[in-house]
């Protein structure tokens, strides 16, 4: 173990080739600080070409050097984090295209600037969540596609690592939202669709519908107040399913005590003489009961 007052007495040493009294060719250089050691090629007294810079904690850089600086393609291993970067360097920093594998299993491949993710790139987490898109200052920023571990997918705009702007979210349960986002939440005009066909078109605020929608629809018709069904009344039963959703636009699994008023009828191809029109686009026949004139 080197004591502090002895460390200043250590001298740098070089063992290798020289030319005109300058380090040139292959050689090993031990710095006065024993933490560092360089093994590689030299030119005119400077590290130049291919070499390996080792550190006592197990970290190292192996790759290209230019005029004494780490510039070019190389590999950098960080012992404390177990991160490994393979790619382009500029003055010792990750800069250009490269792949950074993190010690926790995450992996990023794309563009770097000053040791940060910057530009186009793909990030795959250890949870198998994948982002493909634009980065700025190490954050998702711009246009990008994020696939989550539950197979949900977001395709749209990002701002400072949050979904912000216009985007589309698709979930494996059939839910789809397309519209405006703010701070990772539905915010602004948008359209949400459920697997069962329920559609909400309207305004969202902080992730929730802000009020009554412009239109409530089912998958096969533009107006939920009127739906025509073709069936053989003598052979096929008629089943009507009502969907109830909460303020988060999620379908409720159970619902008790709610009264629902339905008007059902048989629609004829042509209106009969004795019929009255309805606001729903069809006519209702007038049928007389025995002993009275009540309409059915």
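Brief remarks follow.
- Test: residue 203 is at pLDDT below 50 and either within 22 Å of the chain's Cα centre (by Cα) or not in a loop (DSSP other than H, G, I, E, B) (or both): no
- Scanning segment 72-92 for residues that are surrounded by 15 or more Cβ atoms within 10 Å (Cβ to Cβ) and closer than 21 Å to residue 48 by Cα yields 72, 74, 75, 76, 77, 85, 86, 87, 88, 89, 90.
- Within the option set 58, 27, 98, 49, being surrounded by fewer than 16 Cβ atoms within 10 Å (Cβ to Cβ), modelled with pLDDT of 95 or more and assigned to a strand (DSSP E or B) holds for one residue only, 49.
- Flag if residue 104 is modelled with pLDDT of 95 or more, within 16 Å of the chain's Cα centre (by Cα) and part of a loop (DSSP other than H, G, I, E, B): no
The values are calculated or read from the model by the stated rules, or taken from the named source; none is laboratory data. Because the structure is a prediction, the values reported are computed rather than measured. Counting neighbours? That spans all protein chains shown, and the Cβs are built from the backbone with ideal geometry, glycine included.
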